[in-house]
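Worksheet: one structure, shown below.
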Amino acid sequence: MKDLSNKKVLFIICGGISAYKSLETIRMFRKNNAEIKTILTKSAKEFVTPLSVASLSQGKVYDDLFSLENETEMDHISLSRWADVIIVAPATANTISKLSQGNSDDLASTVILASNKQVFLAPAMNVRMWEHQSTQNNLKTLKGFGYKIIGPEIGDMACGEYGEGKMSEPLVIYEEIQNFLFSKIKNNKLKALVTAGPTNEYIDPVRFITNKSSGKQGYEIAKSLYKRGFNTTLISGPTNLKIDENIKLIKVETAEEMFKATQKNLPTDIAVFAAAVADFKASSEHKEKIKKVDNFTLNLERNIDILNYVSNHNFMRPKMVIGFAAETTSLEKNAVQKLKDKNCDWIIANDVSKDKSGFDNENNEVTIFYKNEKMKKEKLSLKKKSEISEEIVDRIVAQIN
Ligand code: PMT
């Protein structure tokens with residue numbers, strides 16, 4: 001077990017028989033010097049007492065959203081910002097359902113909804129409740145939000161039945177959280193730059209050339225980088241997406257603006273180019289709206305390649321330059337070519353001819369092509385873009401550390 005001094009863990013205990021196991025998990029964190037605060041839901045207090053939790057955690061125990069004493073000392077927003085990680089154990093079927101709906105009718109759910117930190121859930125419930133389609137759908141939604149699920153395990157249950165739904169043992173939960181806490185970058189001064197979304201290239205004041213990029217993949221990568229401790233800047237083409245206020249967001253419209261914003265934000269330690277930058281722009285922009293004519297020829301010229309510029313910069317090239325490749329045919333051949341041509345460390349290729357992944361989709365399936373590693377390529381199977389981002393950033397952090 002590693003020393004967890006300066007690591008802050010927010011425990012949320014819900015009302016289930018396995019709440020007693022959370023006391024043991026808290027004891028392990030305390031023994032290794034983590035700082036702990038705990039929230040007990042109303043029903044958790046039927047299973048464990050605030051006094052026993054406070055004694056074991058040697059930290060404050062909160063239970064009431066509207067407690068004047070607690071709110072003056074640390075309000076629910078500060079509490080969600082205070083933590084390095086949030087663990088809900090046991091996570092009951094009811095809490096899982098509430099979180100998947102974004103409900104915030106008590107302190108626990110409000111803090112989670114307001115949080116920008118990694119949330120872990122350790123579910124515990126009867127096997128039928130666990131297997132119920134509604135619980136499984138809720139979990140799928142929560143995974144899509146980026147929550148991580150620990151367990152449950154198969155075994156004998158307090159209710160006398162046998163099956164899946166038993167909360168993971170304290171040591172299993174402890175080790176998952178410990179691994180996460182150490183999956184953050186060691187040097188918290190590192191900077192990351194991400195480009196995302198499409199660009200609009202104007203033909204006249206009201207018409208432009210663009211593409212189907214929604215920006216989701218790039219936004220999710222920026223979120224994952226921020227969660228791991230990078231000081232993150234996101235340069236985004238036009239999208240409808242929102243991002244955490246701690247990520248520096250620069251909104252641009254054209255490739256030219258994206259290029260200038262990127263230049264301005266160099267140097268950076270790592271750069272991920274997920275934007276679908278238009279390769280071409282109109283050679284001359286018409287100042288007036290183009291009138292209807294029988295034949296109209298539009299002359300295009302190449303836009304500057306932002307990735308190429310950054311990856312070949314003679315003194316500001318980031319330690320890691322990661323490009324994306326959107327392909328409809330010969331994915332591997334084209335991706336490997338781009339890896340070389342654009343002087344990248346990795347190229348992350350997505351097959352955008354499929355309807356279930358790529359542009360403007362909730363999901364993605366990618367293959368990472370590495371320049372320098374023994375493993376030349378690695379496939380990340382179809383899943384939510386948030387999960388793909390987490391897996392990509394796991395690998396970035398491993399390399400940077
Ligand atoms: O935005 P979403 O809807 O979530 O979809 C995600 C995505 C499919 C857009 C994303 O995963 C993706 O593949 N982005 C790159 C799309 C693309 O334009 O690829 P490309 O093969 O044309 O470009 C290769 C690389 O060069 C990319 O990293 C691109 O950002 C970069 N580039 C390209 C042209 C240019 N002028 N400047 C660049 O920086």
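Go through Tyr162, Tyr226 and list them by solvent-accessible area, largest first, probe radius 1.4 Å. Provide the component values of the computation, followed by the final result.
Working: Tyr162 150, Tyr226 55 Å².
In descending accessible area the options line up as Tyr162, Tyr226.
What are the ³J(HN,Hα) values, in whole Hz, obtained from phi via the Karplus relation 6.51 cos²θ - 1.76 cosθ + 1.60 with θ = phi - 60°, for each residue of the range 177-182 in sequence order, with x given for Gly and Pro?
For the range 177-182, the Karplus curve yields 5, 4, 4, 4, 4, 8 Hz.
Give the shape of the range 321-394 as rounded, prolate or oblate, defined through the alpha-carbon gyration tensor: a ≥ b ≥ c are the square roots of its eigenvalues, a/c under 1.5 means rounded, and otherwise the shape is prolate if a/b is larger than b/c and oblate if not. Can you show the working numbers first?
Details: a/c = 2.04, a/b = 1.33, b/c = 1.54.
The shape class here is oblate.
With all protein chains present and a 1.4 Å probe, how do Val85, Val172 order by accessible area, largest first?
Numbers: Val85 0, Val172 65 Å².
Final ranking, largest accessible area leading: Val172, Val85.
Might you work out the accessible area of His76 for me, using a 1.4 Å probe with all protein chains in place, and round it to the nearest 10 Å²?
Spelled out: His76, probe radius 1.4 Å, area about 50 Å².
Using the Karplus curve 6.51 cos²θ - 1.76 cosθ + 1.60 with θ = phi - 60°, work out ³J(HN,Hα) for each residue of the range 296-312 in order, rounded to whole Hz, and write x for Gly and Pro.
Going residue by residue, I get 9, 9, 9, 8, 10, 9, 5, 7, 5, 8, 5, 4, 4, 4, 5, 6, 10 Hz, with x marking Gly and Pro.
According to the square roots a ≥ b ≥ c of the eigenvalues of the Cα gyration tensor, what is the shape class of the range 1-129, taking rounded for a/c under 1.5, prolate for a/b larger than b/c otherwise, and oblate for the remainder? Write out the running numbers ahead of the final one.
Working: a/c = 1.38, a/b = 1.10, b/c = 1.25.
It is rounded, given that a/c, with a ≥ b ≥ c, falls under 1.5.
With just the Cα atoms of the chain, tell me how far they stretch along each of the three principal axes, in Å, largest first.
In descending order, the Cα extents are 77, 45, 45 Å.
What do you get for the angle between helix 255-264 and the principal long axis of the chain? Use alpha-carbon atoms, 0 to 90 degrees, nearest ten.
Between helix and principal axis, roughly 60 degrees.
What angle do you read, to the nearest 10 degrees and between 0 and 90, between the alpha-carbon axis of helix 133-145 and the longest principal axis of the chain?
Its long axis makes an angle of about 60 degrees.
Can you tell me what share of the DSSP beta bridges in the range 8-185 is antiparallel? A percent to the nearest 5 is fine.
Numbers: 4 of 23 bridges.
Here the antiparallel bridges make up roughly 15 percent for the range 8-185.
Specify the angular offset, from 0 to 90 degrees and rounded to the nearest 10, of the alpha carbon long axis of helix 385-400 from the longest principal axis of the alpha carbons in the chain.
The helix 385-400 is inclined about 90 degrees to the chain.
Per residue of the range 110-115, what does 6.51 cos²θ - 1.76 cosθ + 1.60 with θ = phi - 60° give for ³J(HN,Hα)? Whole Hz please, x for Gly and Pro, Karplus curve as stated.
Coupling constants for the range 110-115: 5, 4, 5, 5, 8, 8 Hz.
With the other protein chains left in place, how much accessible area per residue, in square angstrom, belongs to the range 268-398 at a 1.4 angstrom probe? Intermediate values should be presented prior to the final figure.
Details: 7290 Å² over 131 residues.
Here the residues of the range 268-398 average 56 Å² of exposed surface.
Would you kindly find the accessible area of Glu253, with a 1.4 Å probe and non-protein molecules such as ligands, DNA and RNA excluded, rounding to the nearest 10 Å²?
Spelled out: Glu253, probe radius 1.4 Å, area about 60 Å².
Kindly work out what percent of the DSSP beta bridges joining two residues of the chain are antiparallel, to the nearest 5. Present the calculation step by step, with values, prior to reporting the outcome.
Numbers: 21 of 65 bridges.
Antiparallel bridges make up about 30 percent of those DSSP assigns within the chain.
Name the long-range amide H neighbours of Leu249: under 5 Å, sequence gap of 5 or more, or other chain; modelled H, no Pro or chain starts.
It is Leu234, by chain and number.
Which residues' amide hydrogens lie under 5 Å from the amide hydrogen of Thr254, considering only partners 5 or more residues apart or on another chain, with H built in the peptide plane?
So Thr254 has HN proximity to Asn200.
Assign one of three labels to the range 122-267, namely rounded, prolate or oblate, based on the Cα gyration tensor with a ≥ b ≥ c the square roots of its eigenvalues; rounded applies when a/c is under 1.5, prolate when it is not and a/b is larger than b/c, and oblate otherwise. Don't skip to the answer; put the middle values down first.
On the way: a/c = 5.73, a/b = 2.05, b/c = 2.80.
Taking the square roots of the gyration eigenvalues as a ≥ b ≥ c, the range 122-267 is oblate.
Express the relative contact order of the chain as a whole percentage, based on alpha carbon pairs under 8 Å and six or more residues apart in sequence. Don't skip to the answer; put the middle values down first.
Details: 834 pairs, mean separation 44.7, N = 401.
The normalised contact order for the chain reaches 11 percent.
The values are calculated or read from the model by the stated rules, or taken from the named source; none is laboratory data. Quantities reported herein were computed from a predicted structural model and do not represent experimental measurements. Side chains included, ligands, DNA and RNA excluded: accessible areas come from the protein's heavy atoms. Shrake-Rupley method; radii C 1.70, N 1.55, O 1.52, S 1.80 Å.
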